[in-house]
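The values are calculated or read from the model by the stated rules, or taken from the named source; none is laboratory data. Every value quoted in this text rests on a predicted model; they were computed, and no experiment measured them. Every residue, glycine as well, gets a Cβ built from its backbone with ideal geometry; the counts of neighbours run over all protein chains shown.
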Amino acid sequence: MFQVAYEAACRALPAHRHQFSPKKFTQPQLLACLVLKEFLRLDYRGLAAHLADQADLRDRIGLTVVPHFTTFQKAAQRLLASVPGRRMFDAVLDRAREDGTLKRRVPLAAVDGTGMESRHVSRYYAKRRSAGDSDPARTYAHYPKVVFVVDCKSHMILSAVPGRGPASDLVQFGRAWTQAVRRARIDTLLADADFDAERVHRAVRSHGVRTIIPPKRGRPTDKPPTGWWRRVMKQRFAGLKRKYGQRWQVETVNSMLKRRLGSALRARKHPTQCREIVLRAITHNVMIVRLRVFYRATTDGFATQRRLLDLDGFRAQAYDLLTTPAAQEAFRIDKEDPKTRDRYGRNIYGQSVLLARRLVEAGVRVASISWAPDANATWDTHGNNFTALKNRLLPQLDSALSSLLDDLQTRGRLDRTLVVVMGEFGRSPRVNAGAGRDHWNFGYSLFFAGGGIKAGHVHGASDKIGGRPQLDPVTPAEIIATIYHCLGISADTILHDQFQRPMTVVPDGRPINALLA
């Protein structure tokens, strides 16, 4: 990965900024080191110390002198500015096209925005929180955010434009789209309802690109949307849902970016945070190109690579599991008693839960069920929240979950099966103008049942408006550690990646003992 970043930087930047540079190291070397910093989640001091200990890394890019950590800091300010940063972005995408990772023609691209965490909190915000101000309309801090356009097939980021939230994603859309359409030939752009605006349709279609954007959810009305393209999209969207389902690839990229490189920024000031976001997007693309290079290099000597043979053995076991008579029989859900299928619910979610039960009975260790928003009702209730919960969401969840627990109990499997029902965030305590509830990451609830879990126990409590945890709050790391504990996996287990780097399964979490039976 270090070499891939260095080769791309050599294409994008000259060796030295001007003729009077000390010439101890080059700009491509510094930029490659910055990418390595993000990849290893180091600060500038840690990067300098790491390079001082790793002579082989320095030799790969011809770095004879380890720069001071302040040199890296100044290089980030200069090399990640608008023009050099865009050049590096272009160079990495060009390298991806040469390797075949990114096609010159992108059939489907998707756009979305996401917020990043900042460890810095202003004194004014901290003072408001300590004073007990529970008004969710006021007790927020500005946070960095980014709007990016991605290729749905390769997961390469075509453009990333940072900004400041809370604010609409439309603020950064214009710049993000301009950069993306300059870098790739896009056929269709997918976006969620937050981008439903006539000017978005016109800006995209002016480049000959098709748009698929669902209409916004709001108060029920018979009035057609304003704007010709918005009216057309409302009429045709039902027939485009299958292709629109690929929009969730941008959510996958969002998850990859935050899980591998972290969701919290180290910078405190907003301009520095913006540069750090651009660097993370570049690092994400370099990682994808590196996987392609690594795959090509290792497959040449496949017979001598024991680790790849082991991986192939795991794949063979997976195929064997899918081809066993028990697994094939589990997928024959049509053989289930019609009354049982009715009990779970004749919808995609209820039948998926029933299929998961059959797979567990066939020997599958982990079954994950995702709510299919494009083929079913969605929990993203920005509008008509209470009607959707009453008529569709809660009845489907109730019938499927209760039937699953009843069947597991009746068949003697509940004590050996852990059931977890959760989402990625909660809903805001206040109702918006469209009778909906917006995203809310400050507090939400989860459901645990089955093996290893104390039955009938309620852990923790929120404040009086259901906004923030007030008693015994838990973190995502503690939730994952609890799940691993129930599966018999210690949170302190050390794993090694393909480069033999040690990683803890759950670095910062411990099981929630109050939940355990």
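Screening Pro162 with (1) within 30 Å of Gly467 (Cβ to Cβ); (2) out of contact with any Cys (no Cβ under 7 Å at 6 or more places or on another chain); (3) modelled with pLDDT of 90 or more gives one miss only, at (2). For Thr340, the conditions (1) assigned to a loop (DSSP other than H, G, I, E, B); (2) among the hydroxyl-bearing types (Ser, Thr, Tyr); (3) touching a residue at least 60 places away in the same chain (Cβ under 8 Å) are fulfilled apart from (1).
The conditions of being among the acidic types (Asp, Glu), surrounded by 16 or more Cβ atoms within 10 Å (Cβ to Cβ) and either in contact with a helix residue (DSSP H, G or I) (Cβ under 9 Å, 6 or more places away or on another chain) or modelled with pLDDT under 90 (or both) are met by Asp112. Each residue in the stretch 148-182 was checked for being buried (at least 19 other Cβ atoms within 10 Å of the Cβ), touching a Gly at 6+ places or on another chain (Cβ under 7 Å) and part of a helix (DSSP H, G or I), and 1 of them qualify.
Within the stretch 426-473, restricting attention to residues that are among the acidic types (Asp, Glu) and closer than 27 Å to Pro511 by Cα, the residue that is surrounded by the fewest Cβ atoms within 10 Å (Cβ to Cβ) is Asp472. Per the listing Leu34, Leu51, the residue uniquely within 21 Å of Ala81 (Cα to Cα) and modelled with pLDDT of 85 or more is Leu34. Can you tell me which residue is farthest from Tyr444 (Cα to Cα) among those in the stretch 458-486 that are touching a strand residue (DSSP E or B) at 6+ places or on another chain (Cβ under 7 Å) and either touching a residue at least 60 places away in the same chain (Cβ under 8 Å) or in the same structural domain as Phe39 (by TED's automatic domain parsing) (or both)? Once the filter is applied, the top-ranked residue is Cys486.
Across the stretch 415-457, which residue is nearest to the chain's Cα centre (by Cα) among those that are free of Cβ contacts under 8 Å to residues at least 24 places away in the same chain and under 18 Å from Ser402 (Cβ atoms)?
At the first step, the residues of the stretch 415-457 found to be free of Cβ contacts under 8 Å to residues at least 24 places away in the same chain are 424-426, 439, 441, 444-445, 456.
Okay, now just the ones that are also under 18 Å from Ser402 (Cβ atoms), so 445, 456.
On the way: Ser445: 20, Gly456: 33 Å.
Top of the filtered list is Ser445.
Here is the figure for the stretch 27-68: residues that are closer than 22 Å to His270 by Cβ and aromatic (Phe, Trp, Tyr) total 1.
Checking the condition among the aliphatic types (A, V, I, L, M), on the phi < 0 side of the Ramachandran plot and in contact with a strand residue (DSSP E or B) (Cβ under 8 Å, 6 or more places away or on another chain), which residue from Leu30, Leu57, Leu93, Leu51 passes?
Leu93
Here's the yes/no breakdown for (1) under 24 Å from Gln328 (Cβ atoms); (2) surrounded by fewer than 19 Cβ atoms within 10 Å (Cβ to Cβ); (3) among the β-branched types (Val, Ile, Thr); (4) not assigned by TED's automatic domain parsing to the domain that holds Lys339:
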site: Ala372; (1), (2), (3), (4): yes, yes, no, no
site: Trp379; (1), (2), (3), (4): no, yes, no, no
site: His382; (1), (2), (3), (4): no, no, no, no
site: Asn385; (1), (2), (3), (4): no, no, no, no
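Being over 24 Å from Tyr244 (Cβ atoms) and either at pLDDT 85 or above or of a type in the set (A, V, I, L, M) (or both) is the filter here; which residues of the stretch 115-127 pass it? Can you show your working first?
Let us first name the residues in the stretch 115-127 that are over 24 Å from Tyr244 (Cβ atoms), namely 116-127.
Across the stretch 115-127, the qualifying residues are Met116, Val121, Ala126.
Residues checked against (1) aromatic (Phe, Trp, Tyr); (2) more than 24 Å from Thr101 (Cα to Cα):
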| residue | (1), (2) |
| --- | --- |
| Phe20 | yes, yes |
| Lys24 | no, yes |
| Lys37 | no, no |
| Leu47 | no, yes |
| Leu51 | no, yes |
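Among all positions in the stretch 497-510, there is no residue which is of a type in the set (Phe, Trp, Tyr) and either surrounded by 12 or more Cβ atoms within 10 Å (Cβ to Cβ) or within 27 Å of Gly113 (Cβ to Cβ) (or both).
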